[in-house]
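First comes the structure, then the notes that go with it.
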Amino acid sequence: MIYLEDIMGSLSTPEKLKAALTSKLPAGMLQSKIGHGDENSTSVVLFTSGSEKEPKAVQLSHKNIFHNISTIPQIIDVTEDDVFAGTLPLFHVFGLTTNFWLPFYLGASIITHANPLDYSAIVKSIVDYKITILIGTPTFFHGYQRKSKPGELSSIRYAIAGADKLTEKLRLSFQKDHGIEILEGYGATETSPVVSVNVPGANKPGSIGKPLPGVQVKILDRETDEELPAGKEGKILVKGDLVMKGYLGDIEETSMHIHGGWYDTGDMGIIDEDGFLWHRGRLKRFVKVGGEMVSLVKVEEVLTKLLPEGVICCVVDVPNPKKGADVVAAVATGEFDRKKILHNMAKELPAIAVPKEFYIIEDIPIMGTGKVAFREVEKICRDRQENGKK
């Protein structure tokens, strides 16, 4: 590890003076002193979130990162006059690209916060600094909603959510209290990260928007890999300059995910007749119960609508010797009518998808990126199942 504070402490006064004088040179001269390298060389190595399995080391090139930061301004009118909320962690590609490189590329301002969970301080910054661009995960938007008063976020021009599913309840409450439509997007560490996003004038709530310029998306049958027409659900594959070089030191894993330039996201979805992409969940978050495939993401969506405002939940599976697995729900509070919830869930879901048990976990594990740590929640639920605890 190299610490910048150690480097600063080792600099002599002449070196500091030389650096200060150099900084006053014309931009053209400074650019000539910089080693530009190759656009295909690795710019950064970032790790996948690890919410479902062990993190992988993703190599992103200069071309990968530049694709995102150069195409986003083509579809959303962000400029040097905007003020970005720098609240997402930079060890995650969502934060690195949208909270760091994008505003740098534009010459915009960034108001940074070390702790993305300090919602009160972030809301105060939005008010004090008239922040105009707020990008984050649904978990973080829940926090901003709880800690703000109606109208306090009026300076926001664009609120964009990604990295997890945006619930209808949160979208509508934000719109009601602040007059702000949260635009939902989609991406992955391996795609630098933005693949698609809803924009003003081309927004279908519930969808994850249309692909960015220069991005190709296709849907393949989960079993046969046959390309599917509009409206048919299958695996989401992505192609374009945004797709990573590969996983560091893991040719086998890279070859499993990239075929002919197409990156297999591991996500399920559809493309509708208008070209909007709809996310149906991670393939790994589909579980076979009694011979039928159940989407845990769909169960979560239904449960979230029925729970009290702002209550975090997570749906996972636990082993069942007879059926293979049971669907169970982890909820952050026990203050809800279980019978009523189950009755209403049964109206929208098949019987095999209705949770067989509710586990109350007051502090549901949340990763630094704002995602629920599914693996940890699953482990807690399985441990409680074995020990007969609720």
Considering only DSSP beta bridges where both residues belong to the chain, give the percentage that are antiparallel (nearest 5).
-> 70 percent
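Apply the a/c threshold of 1.5 to the C-alpha gyration tensor of the stretch 340-390 and tell me whether it is rounded, prolate or oblate.
Numbers: a/c = 2.36, a/b = 1.45, b/c = 1.63.
The shape class here is oblate.
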Given a Förster distance of 30 angstrom, what is the FRET efficiency for V311 paired with E386, based on the Cβ-Cβ distance and rounded to 0.05?
-> 0.70
Dmax and Rg, reported as Rg then Dmax, of the stretch 301-343 (C-alpha, Å) | 11.8, 36
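Quick check on the stretch 96-185: what are the equivalent-ellipsoid semi-axes from the Cα gyration tensor, as sqrt(5λ), descending, whole Å?
Details: eigenvalues 75, 46, 31 Å².
Ellipsoid half-lengths, sorted descending, are 19, 15, 12 Å.
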Other-chain or far-sequence residues with amide H under 5 Å of I312's (modelled H) | A332
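Among the listed pairs K176/K204; K124/K176; K169/K288, which are separated by more than 24 Å between their Cα atoms?
Working: K176/K204 18 Å; K124/K176 20 Å; K169/K288 28 Å.
Those over the limit are K169/K288.
Let me know the charge dipole size of the stretch 44-282 about its Cα centre in debye, to the nearest 20, where only the beta-carbon of Lys, Arg (+1) and Asp, Glu (-1) is charged. Let's see the in-between values first.
On the way: 23 positive and 30 negative charges, 136 e Å.
Here the size comes out at about 660 debye.
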Would you mind telling me which residue in L228, L170, L102 has the biggest mean-square fluctuation in a Gaussian network model of the chain, where springs connect alpha carbons within a distance under 10 angstrom?
-> L228
What are the radius of gyration and Dmax of the stretch 93-147, computed over its Cα atoms and given in Å?
-> 11.2, 32
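Starting with the highest mean, order 36-42, 304-310, 262-268, 135-141 by the number of other Cβ atoms within 10 Å, averaged over the residues of each peptide.
Numbers: 36-42: 11.4, 304-310: 14.4, 262-268: 19.7, 135-141: 24.3.
In descending order of packing, they fall as 135-141, 262-268, 304-310, 36-42.
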Distance between Cα centroids, the stretch 199-245 to the stretch 68-86: provide it in whole Å.
-> 23 Å
Residue by residue through the stretch 314-322, which ³J(HN,Hα) values in whole Hz follow from phi under the Karplus form 6.51 cos²θ - 1.76 cosθ + 1.60 (θ = phi - 60°), with glycine and proline marked x?
-> 8, 9, 9, 10, 10, x, 9, x, 8
Once fully extended, how much extra length lies between S23 and E362, figured as 0.36 nm per residue of separation less the alpha-carbon to alpha-carbon distance?
-> 116.9 nm
Where a Cα-Cα gap under 19 Å defines reach, which lysines qualify for K210, not counting those fewer than 8 residues away within the same chain?
-> K165, K218, K232, K235, K239
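For every helix of n ≥ 4 consecutive DSSP H residues, a contribution of -39,500 (n - 2.57) applies; sum these over the chain, divide by its total residues, and give [θ] at 222 nm rounded to the nearest 500 deg cm²/dmol. All intermediate terms of the calculation are to be shown ahead of the outcome.
Values: 12 runs with 117 residues, N = 390.
After summing the helix terms and dividing by the residues of the chain, the value is -8500 deg cm²/dmol.
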Viscosity 1.567 mPa s, temperature 4 °C: Stokes-Einstein D of the stretch 285-383 from its Kirkwood Cα radius, in µm² per second?
-> 95 µm²/s
Among the lysines in the stretch 290-387, how many pairs, 8 or more places apart or on different chains, have alpha carbons under 20 Å apart?
-> 20
Under the Karplus relation 6.51 cos²θ - 1.76 cosθ + 1.60, θ = phi - 60°, what is the ordered set of whole-Hz ³J(HN,Hα) values for the stretch 78-83, x standing for Gly and Pro?
-> 8, 9, 5, 7, 6, 10
Phi to ³J(HN,Hα) by Karplus 6.51 cos²θ - 1.76 cosθ + 1.60 over the stretch 42-47, Hz, x for Gly, Pro | 5, 8, 7, 10, 10, 9
DSSP loop GluC sites (Glu not before Pro) in the stretch 158-208 with at most 16 other Cβ atoms within 10 Å of their Cβ, which ones?
-> E181
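Ranked from highest to lowest mean number of other Cβ atoms within 10 Å per residue, what is the order of the peptides 55-64, 338-347? Working shown, then result.
Numbers: 55-64: 19.7, 338-347: 13.0.
Put in order of decreasing packing, that is 55-64, 338-347.
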Measure nothing but the geometry: give the 0 to 90° angle between the long axis through the Cα atoms of 119-129 and the longest principal axis through the Cα atoms of the chain, rounded to 10°.
-> 40 degrees
Would you kindly calculate the translational diffusion coefficient of the chain, applying Stokes-Einstein with the Kirkwood radius from alpha carbon pairs, for 37 °C and a viscosity of 0.692 mPa s, and quote it in µm² s⁻¹ without decimals?
-> 144 µm²/s
Say the dipole of the stretch 9-82 comes from +1 at the beta carbon of Lys and Arg and -1 at that of Asp and Glu; which of I76, S23, L46 then lies farthest toward its positive end?
-> S23
Neighbours of L21 by Cβ distance under 14 Å: Lys/Arg at +1, Asp/Glu at -1, summed charge +3
Helix 13-22: angle to the longest alpha-carbon principal axis of the chain, degrees 0 to 90, nearest 10?
-> 90 degrees
Among K204, K24, K371: highest mean-square fluctuation, GNM of the chain, C-alpha pairs under 10 Å = K24
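Order by neighbour count: V377, V302, fewest other Cβ atoms within 10 Å first, most last. Don't skip to the answer; put the middle values down first.
On the way: V377 23, V302 18.
Going from sparsest to densest Cβ surroundings: V302, V377.
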DSSP-defined antiparallel bridges as percent of all bridges, the stretch 290-387, nearest 5 | 70 percent
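Roughly speaking, what is the stretch gain from H36 to E168, that is 0.36 nm per residue apart minus the C-alpha to C-alpha distance, in nm to one decimal? Display every interim value, and only then the final one.
On the way: separation 132, 0.36 × 132 = 47.52 nm, distance 4.50 nm.
Fully extending the segment from H36 to E168 adds 43.0 nm.
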Have a look at N387, P211, V328 and report the one farthest towards the positive end of the charge dipole of the chain, computed about the Cα centre with Cβ charges (Lys/Arg +1, Asp/Glu -1).
-> N387
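With a ≥ b ≥ c the root eigenvalues of the C-alpha gyration tensor of the stretch 255-340, is it rounded (a/c under 1.5), prolate (a/b larger than b/c) or oblate?
oblate
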Average Cα contact separation per residue, the chain, under 8 Å, 6 or more apart, as relative contact order % | 12 percent
5 angstrom amide H check on D326, placed H, neighbours 5+ away = V318, N320
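Going by average Cβ neighbours within 10 Å, how do the peptides 72-79, 28-35 rank, with the highest at the top? Could you put the intermediate results ahead of the total?
Working: 72-79: 14.9, 28-35: 8.4.
Descending mean neighbour count gives 72-79, 28-35.
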Under 5 Å between amide H atoms, partner at least 5 residues away or on a different chain: which partners does G86 have, H built in plane at 1.01 Å?
-> I111, T112, H113
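Quick note: the coordinates plus some simple rules give every number you see, no bench work behind them. A quick note: this is a predicted structure, and the numbers were derived from the prediction, not measured. A quick note on method: Cβ atoms are made from the backbone with ideal geometry, for glycine too, and the neighbour counts reach across all protein chains shown.
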